[in-house]
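Reviewing the structure listed below.
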Amino acid sequence: MTSLPAEMFQPDTSAIGASLTWSALVSLLPLVFFFVALGAFSLPTQWCAVGSLVVAIIVAVIGFDMPVGMSLMSAVEGAAFGLLPIIYIVIMAVWLYNLTERSGRSKDVQAVFSLVGKGDKRIQGLLIGFAFCGLLEGLAGFGAPVAIACAMMWALGLPPVRSAIAVMVGNAINVGFGAMAIPVTTVANLGGEDPVVVGATMGRITPILFLLIPFLMLFILDGFRGIKQCWLAAVVSWFGMAAGHLVGTHLLSYELTAVFASLLSFILLAALLTRWSPTTPEELRSPPADERLSVSQTVLGLLPYWLVVIVFAIAKLWTFGVDIPGALDSTTFSFVWPGLEGVMAAQGGQNSAVVFSVPWLASPGTMLFLTGLIVCAVYAASDGGGKYRLPFREGLRTLGVTIYELRISILTICLVMSLAYVMNLSGQTVTIGAWLSATGAAFAFLSPLLGWIGTAVTGSATSAGALFGNLQATAAQSANLPPQLLLGVNEVGGGIGKIISPQNLAIAASAVKSEGSESEILRKALPYSLSLIVLLGAITFLASNGILGFLVV
């Protein structure tokens, strides 16, 4: 341990037995406990999180010599971050869907997607879980896209667990470009590289991975039959997303990559469906609408979803006359979490994670809340002659019901974020990363695994970039590898790791009204996440050795 005043703490990556290897292996214990308890023993997620948190605190205090008070305050800060912004976003996203359900307009939403998707639930799954979810990811991120898309998929009548897995897999590769590509900007800045170059490198790698995603989604929803009957839709969906990533990162703006690519994928698939129809099994055919939908029914049924895109676009992009993103960001205030002032980063300097930001107006949750208020007002004023009756007060009451229904998920997310913060601030997460980076030239294959682990733990690709950006750049320099490549695959791998992130599992399970199904979702989603991260590792290794050198900008 570095000699510091008693009130200070700086993690040592060789704290246990003066060995990096032993320190890393012990640091893995909280994660091993969580995934074994959840995946092998099917314990309720909240109890898995409690047990893992206890293990993490014990490792922090005994193994890394972190003061007990600091370890406990780390857990408290993590829980607070779970509440704001993560749970804030999840509650508002689910509430937005519940408004369509409570008003009776959810049937109109199903009818619209049934019409566009030619009545085939698998095609609708591609439209919602791949293209529309990617659009929301590009604009918002932070859990909102998965929550909204899962709720919409469930409303189509698809099996809840399959819906959740399909959305999480479909959203994974866009996560690195989520929320106006904040993960790219973060990892590039911390790694000392140009984010435009890092984003462009990612934009050459992601099309290879995207080639698999629509086919995996079809397999998840309907096995090999789905691939056989809907392969053309999968190819078109892939082409739109892949072309969008290439064009977005090289010719437009890396910040808009996920938005542009998702729109292009949606438009091309919708255009295909005007000329082509899949063979649809009866059990996967959407029930015909009771009546022909009017323009008003269509517009109002989809109101929460097209309105949220407009609200996010204005909040994130509007600078004409008034810099709205700047004005919203200016309302965010930050403070150092009490009791953690002396927590240092392993590299020196105060750990940035102890600075807690409260993005009141800039939070995606606030934008979703504003959207919900507008939807409540419009639905109250346009009730279709009583058919869609939802008074404004009843719409607000639905928010309270939503919070109550999500109470277990709220507890779970708070506990998971407590676990993430204890592992982060005590040095456990960075120790795992340092251990992997010590493999030299072979690190090119393992590099994406850092982002995968970081996001699996924290639930955020941005956090994974903050944790490992500097480490990736340092390892690249030591092993004579392209830094922009390692920084880029850190974020792409982070998106793949989000598939099995406990936070994401809880969000998806609650959105499909299947609280407690997290263990089943994890067991069935894990093979997809592992397959994609191994493929990404192989691509990275080949690119770093010049065999796929064209992938590096």
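Brief remarks follow.
- Every pair of residues 6+ apart whose Cβ atoms lie under 7 Å, when the first sits in the stretch 472-493 and is modelled with pLDDT of 95 or more while the second is of a type in the set (D, E): Q484/E193; L487/E193
- Within the stretch 532-553, the set of residues being touching a residue at least 40 places away in the same chain (Cβ under 8 Å), assigned to a helix (DSSP H, G or I) and open to solvent by 30 Å² or more (accessible area, probe 1.4 Å) comprises L535, A538, F541, F550.
- Where helices (runs of 4 or more DSSP H) fall entirely within the stretch 378-464, those with at least 3 residues that are out of contact with any strand residue (DSSP E or B) (no Cβ under 9 Å at 6 or more places or on another chain) and under 29 Å from S294 (Cβ atoms) are at 392-405.
- Cross-chain or 6+ apart pairs with Cβ under 6 Å, the stretch 251-267 first and more than 18 Å from V492 (Cβ to Cβ), then of a type in the set (A, V, I, L, M): F266/A131
- Residue in the stretch 98-117 that is assigned to a helix (DSSP H, G or I), under 21 Å from R275 (Cβ atoms), hydroxyl-bearing (S, T, Y) and out of contact with any strand residue (DSSP E or B) (no Cβ under 7 Å at 6 or more places or on another chain) present: yes
Conditions tested, residue by residue: (1) open to solvent by 10 Å² or more (accessible area, probe 1.4 Å); (2) at negative phi; (3) modelled with pLDDT of 85 or more.
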| residue | (1), (2), (3) |
| --- | --- |
| R122 | no, yes, yes |
| L126 | no, yes, yes |
| I165 | no, yes, yes |
| M168 | no, yes, yes |
| N174 | no, yes, yes |
| M180 | yes, no, no |
| T186 | yes, yes, no |
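- Residues of the stretch 357-396 that are over 22 Å from V299 (Cα atoms), free of Cβ contacts under 8 Å to residues at least 60 places away in the same chain, under 27 Å from the mean Cα position of the chain (by Cα) and surrounded by fewer than 16 Cβ atoms within 10 Å (Cβ to Cβ): S357, W360, L361.
- Set G157, G138, G191: member being more than 19 Å from S286 (Cα to Cα), modelled with pLDDT under 95 and either open to solvent by 10 Å² or more (accessible area, probe 1.4 Å) or β-branched (V, I, T) (or both): G191
Okay, residues lined up against (1) in a helix (DSSP H, G or I); (2) out of contact with any Cys (no Cβ under 7 Å at 6 or more places or on another chain):
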residue: G469; (1), (2): yes, yes
residue: A476; (1), (2): yes, yes
residue: G488; (1), (2): yes, yes
residue: K498; (1), (2): yes, yes
residue: L505; (1), (2): yes, yes
residue: A508; (1), (2): yes, no
residue: E515; (1), (2): no, yes
residue: A525; (1), (2): yes, yes
residue: L530; (1), (2): yes, yes
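- For the stretch 1-48, filtered to residues that are of a type in the set (S, T, Y), modelled with pLDDT under 90 and not in a helix (DSSP H, G or I), the residue that is least open to solvent (accessible area, probe 1.4 Å) is S42.
The values are calculated or read from the model by the stated rules, or taken from the named source; none is laboratory data. Fair warning: this is a prediction, and the values are worked out from it, not measured in the lab. Please note: Cβ atoms are built from the backbone with ideal geometry, for glycine as well, and neighbour counts cover all protein chains shown. All accessible areas refer to the heavy atoms of the entire protein, side chains included, with ligands and DNA or RNA removed. Shrake-Rupley method; radii C 1.70, N 1.55, O 1.52, S 1.80 Å.
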